[in-house]
Amino acid sequence: MNNRIQQLRINKGLSQNEIAHILGITTRAYQNYEYGTNDPQAKTLIQLSDLYNVTIDYLIGRDDKYSINENLPDDEVKMLNAYRKCSQAGKQYLINKAEVIAFEEKAEKQTATAEKEELLA
């Protein structure tokens, strides 16, 4: 596990101190995870999983599949991660808002197409 979290941190371009700050732990505690001296608690594993967008099974070495979101574009991964952090009411709000935006964009596209057809007629 220690090699994986170290590589993920390096790939993200962050220092041990920055990751420790994000996790709300001391730099030494985080270093102990990377050095294999200590194992992170469940809460920390969840935070690392969310931060690096990987499964906990990947972090602890039970699975070599890097991420459950490997095939999603970055903006969709960001949206999914934000969604997962919301309360049930927040999740419903996001769904409703996305549906409204999609509806409005579809209506705008239909209006533009109709106006174009009128100009060509």
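Short version: ³J(HN,Hα) in whole Hz for each residue of the stretch 110-115, in order, from phi by Karplus 6.51 cos²θ - 1.76 cosθ + 1.60 (θ = phi - 60°), x for Gly and Pro, what are they?
My calculation for the stretch 110-115 gives 5, 5, 4, 5, 5, 5 Hz in order.
Whole-Hz Karplus ³J(HN,Hα) for the stretch 93-101, in order, using 6.51 cos²θ - 1.76 cosθ + 1.60 and θ = phi - 60°, x for Gly and Pro?
4, 4, 4, 4, 5, 5, 5, 5, 4
Can you give the three extents of the C-alpha atoms in the chain along their principal axes, from longest to shortest, in whole Å?
74, 30, 26
Report, by chain and number, residues whose modeled amide H sits under 5 Å from the one on N38, excluding near sequence neighbours (fewer than 5 apart, same chain).
Y33
Compute the Cα gyration tensor for the stretch 2-60, then decide on rounded, prolate or oblate, letting a ≥ b ≥ c be the square roots of its eigenvalues: rounded whenever a/c is under 1.5, prolate when a/b is larger than b/c in the other cases, and oblate in all that remain.
Since a/c stays below 1.5, the shape of the stretch 2-60 is classed as rounded.
How much mean residue ellipticity at 222 nm does the chain get from its helices, if each DSSP H run of length 4 or more adds -39500 (n - 2.57) and you divide by all residues, to the nearest 500 deg cm²/dmol?
-23000 deg cm²/dmol, from helical runs alone.
Which of the trypsin sites (Lys or Arg not before Pro) found in the stretch 1-76 are loop residues per DSSP with 14 or fewer other Cβ atoms within 10 Å of their Cβ?
R62, K65
Can you pick out the pairs among K43/K78; K12/K91; K12/K43; K85/K116 whose Cα atoms lie more than 31 Å from each other?
Going by Cα-Cα distance, K85/K116 fall outside the 31 Å limit.
Just to be sure I understand the model, the point goes 7 Å from the Cα along the line to the Cβ. What's the resulting E105 to N17 distance in nm?
Distance between the two pseudo-spin positions: 4.1 nm.
Every read-out reported here was derived from the displayed coordinates using simple, explicitly stated rules and does not represent laboratory data. All values reported here derive from a predicted model rather than from experimental measurement. With ideal geometry, Cβ positions are generated from the backbone for all residues, glycine too; neighbour counts draw on all protein chains shown.
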